[in-house]
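Asker: Below is the structure I would like to discuss, written out as structure tokens.
The values are calculated or read from the model by the stated rules, or taken from the named source; none is laboratory data. Since the model is a prediction, treat every value here as computed from it, not as a measurement. Note that each Cβ is placed from the backbone with ideal geometry, even for glycine, and that neighbours are counted across all protein chains shown. Remember, those area values only see protein heavy atoms, side chains included, never the ligands or the DNA or RNA. Shrake-Rupley method; radii C 1.70, N 1.55, O 1.52, S 1.80 Å.
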Amino acid sequence: MLTFAKECMRISSIIYIMVQKKKILLYNPKAVFFDMPLALLAIGSVLDSDKYEVIIVDGRIDENPMDRIQPHLKDALCFGVTVITGAPIKDALEVSEKVKGLAPNLPLIWGGWHTSLFAKEPIQEHSFIDITVQGQGESTFKELVQHLDEQLPLKNIKGITYRENTTIIKTPPRPISDMDKMPRVNYDLIDVEKYFEKKGKRQFDFISSIGCFFRCTFCADPFVFQRKFSAISPVKMAEDLAYYHNKYQFDDLNFQDETFFTYAKRIEDLCNELIKKNLHFTWAATMRADQGERLSDEVWLLAKKSGLRRLLIGVESGSQEMMDWLKKDIKLTQVFYCAEKCKDLEIDVIFPFIVGFPNETPESIEATVDVIKKLSRKSAGFQTPIFYFKPYPGSQITQDVVTNGYKLPESTKEWADFDYVGSSGPWVSKEKERFFEAFKFYMKLGYGKERGPLFYLLRKISQWRCKKDRFKFPIEKAIINILKPEKQLS
């Protein structure tokens, strides 16, 4: 009888705790890519699960996100949105305004890249946004939730901007936190299978480091993280990956780090751990060309043996002079060294390029075209996507072009219409844009992995076109667009 009474009391305690849990609502805006919402998973995982129930709603996964959000509003402590600059801002604004209309007293928080660059503007322009978060969010959000729960003043929380009556207050920045001290990310906060389904493959997303030591002038990372870097140690990372692999049975792992190969010894130790644990999955990551050149032959082989299938190595320009102006701090010889290594080891590579920088010369563009051709001919596993330069807020080049008269969007709504992937910027003529649109298409068709009798003929024609730079009357482009329509990105 006594045992039964104790069990009843235990169950009652569990029910009481569950009832008392406060809900933390987090939203990922609509976009056209299906990477797992790593930022929301990270901030949701640092909260005390005995006190808070974290609910992540993803506009890319949930067909009617407001239908999922609305039932939880009455029990929510706050509503958080992760925001990147560009098209996703539109959905972030629409959902935020609806939430505030339904729950006027609910604190509404924006975080992510956009608010790290524009801390005050979203609050100044939109009364339904109460707080923005700058930089790395885990520790900041944990403190913020605690302060909101206990109704404490926000002034002592580093890394936020908030409205107090009619005044906008920005607190001092928060240094990067030690990634090794962060708890294991709880992917059960999302339905992992739905992301596999959307991707069309069992690819798991993971981030093992934050920040970047380097100073590229077209990138906002130096502004946001002040050229600092923190990473999870190899042993801890391997333990976490083994846990996730056993639980979610993924085939491929996509590291979302800015510069995954920053420390060669870290990579060597991780590869050894993956092999030791007998984890059978492939993986993809980012690498700078100088990091690849410094990597020993043994570590290259070790990475391949542990499952490395693809690298992303930013080149940006085929002109060394332009590279130096961009402060890439790499050499073209290093790019080709990595290309040869990856060709020999049968590792695929994405080599992104950017054209249309301010004051870019015809000679620089010609050099870029030449390097793209050389890399593409080396391996069918090499991709050379070409992007047009768009001034990303926070970067050094953007500051320079604004000083010289270029007008950036002046409001949060205008940034939602700023297209990063579509048409070229003002430094590329229409003629040059037409050339690059055709060049991109025929390079991909001529040197990509598509196979089959029809593609054989098209590939040969495309290779001839690229060799001679003859892109008029693109009949093949029309045929391919019918057979395999190109996805629209934003």
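Asker: 5 Å is the cut-off here: which amide hydrogens, built 1.01 Å from N in the peptide plane, fall below it relative to Ser208, excluding neighbours closer than 5 in sequence?
Answerer: For Ser208, whose amide H was placed from the backbone, the distant partners under 5 Å are Gln256, Asp257.
Asker: Students often get this wrong, so check it: of Lys51/Lys170; Lys277/Lys305; Lys21/Lys194; Lys228/Lys331; Lys30/Lys440, which have C-alpha atoms separated by over 19 Å? If you can, show how the numbers build up before the last one.
Answerer: Values: Lys51/Lys170 28 Å; Lys277/Lys305 13 Å; Lys21/Lys194 26 Å; Lys228/Lys331 23 Å; Lys30/Lys440 27 Å.
Those over the limit are Lys51/Lys170; Lys21/Lys194; Lys228/Lys331; Lys30/Lys440.
Asker: Can you list the aspartates and glutamates whose alpha carbon is less than 17 Å from that of Lys467, not counting same-chain residues fewer than 8 positions off?
Answerer: Within the straight-line cut-off, Lys467 pairs with Glu366, Asp370, Glu437, Glu476.
Asker: Using 0.36 nm times the number of residues separating Gln20 and Lys305, minus their current alpha carbon distance, what extension gain do you get?
Answerer: Length difference between fully extended and current span is 97.7 nm.
Asker: Counting only protein heavy atoms and a 1.4 Å probe, tell me what percentage of the chain's accessible area is made up of carbon and sulfur. If you can, show how the numbers build up before the last one.
Answerer: Working: 13010 of 24410 Å².
After summing per-atom areas, the C and S share lands at 53 percent.
Asker: While we're on this one: Tell me the net charge near Ser395. Cut-off is 12 Å between Cβ atoms, Ser395 excluded, with +1 for each Lys or Arg and -1 for each Asp or Glu.
Answerer: Net of charged neighbours comes to +1.
Asker: Also: Under 15 Å from the Cβ of Leu345, count the other residues' Cβ atoms, weight Lys and Arg +1, Asp and Glu -1, and hand me the total.
Answerer: Cβ neighbours under 15 Å give a net charge of 0.
Asker: Please give the per residue accessible area of the stretch 64-163, computed with a probe of 1.4 Å over protein heavy atoms only, in Å².
Answerer: On a per-residue basis, the stretch 64-163 sits at 41 Å².
Asker: Within straight cross-link reach of Lys181, meaning Cα distance under 12 Å, which aspartates and glutamates are found once same-chain residues fewer than 8 apart are removed?
Answerer: Cross-link targets: Glu138.
Asker: Lys413: which aspartates and glutamates have alpha carbons under 16 Å from its alpha carbon, excluding same-chain residues fewer than 8 sequence positions away?
Answerer: Cross-link targets: Asp91, Glu94, Glu97, Glu121, Glu125.
Asker: Determine, from the Cβ-Cβ distance of Asp400 and Asp370 and an R0 of 30 Å, the FRET efficiency 1/(1 + (r/R0)^6), rounded to the nearest 0.05.
Answerer: For R0 = 30 Å, the calculated efficiency reads 0.65.
Asker: Using the Karplus equation 6.51 cos²θ - 1.76 cosθ + 1.60 (θ = phi - 60°), what ³J(HN,Hα) coupling, rounded to whole Hz, does each residue of the stretch 348-365 give in order, writing x for Gly and Pro?
Answerer: Along the stretch 348-365, the couplings run 5, 9, 9, 10, x, 10, 10, 10, x, 5, x, 6, 5, 8, x, 5, 5, 5 Hz.
Asker: Please list 3J(HN,Hα) in residue order for the stretch 124-135, calculated via the Karplus relation 6.51 cos²θ - 1.76 cosθ + 1.60 where θ = phi - 60°; whole Hz, with x for glycine and proline.
Answerer: 5, 8, 9, 5, 7, 9, 9, 9, 10, 10, 10, x
Asker: What is the set of long-range amide H partners of Phe357 at a cut-off below 5 Å, with H atoms built 1.01 Å from backbone N?
Answerer: Under 5 Å from the amide H of Phe357: Phe389.
Asker: Can you give me the long-range amide H partners of Leu308? Hydrogens built in the peptide plane at 1.01 Å from N, cutoff under 5 Å, separation of 5 or more residues or another chain.
Answerer: Close amide H contacts, sequence-distant or interchain: Trp283.
Asker: OK, next. Which of the three applies to the stretch 132-178, rounded, prolate or oblate, going by the alpha-carbon gyration tensor with a ≥ b ≥ c and a/c under 1.5 meaning rounded? Working shown, then result.
Answerer: Details: a/c = 2.44, a/b = 1.31, b/c = 1.87.
It is oblate, given that a/c is not under 1.5 and a/b is not larger than b/c.
Asker: Relative to the longest principal Cα axis of the chain, at what angle does helix 138-149 sit, 0 to 90 degrees, rounded to 10?
Answerer: 30 degrees
Asker: Would you mind computing, in nm to one decimal, how far apart the modelled labels at Lys468 and Lys170 are, each placed 7 Å from Cα along Cα→Cβ?
Answerer: If labels sit at Lys468 and Lys170, their model points lie 5.7 nm apart.
Asker: In the structure displayed, which of Lys328/Lys449; Lys199/Lys407; Lys327/Lys407; Lys22/Lys100 lie more than 26 Å apart, Cα to Cα?
Answerer: Working: Lys328/Lys449 29 Å; Lys199/Lys407 37 Å; Lys327/Lys407 24 Å; Lys22/Lys100 18 Å.
Beyond 26 Å between Cα atoms: Lys328/Lys449; Lys199/Lys407.
Asker: Please calculate how many Å² of accessible area the stretch 317-431 carries per residue, with a 1.4 Å probe and no DNA, RNA or ligand atoms counted.
Answerer: On the way: 5460 Å² over 115 residues.
The answer is 47 Å² per residue.
Asker: Order Thr166, Thr412, most accessible first, counting only protein heavy atoms with a 1.4 angstrom probe.
Answerer: Thr166, Thr412
Asker: Which whole-Hz couplings ³J(HN,Hα) result when phi for each residue of the stretch 328-342 is put into the Karplus expression 6.51 cos²θ - 1.76 cosθ + 1.60, θ = phi - 60°, listed in order with x for Gly and Pro?
Answerer: These are the phi-based 3J(HN,Hα) values: 5, 6, 9, 10, 4, 4, 5, 4, 6, 4, 5, 4, 5, 4, 5 Hz.
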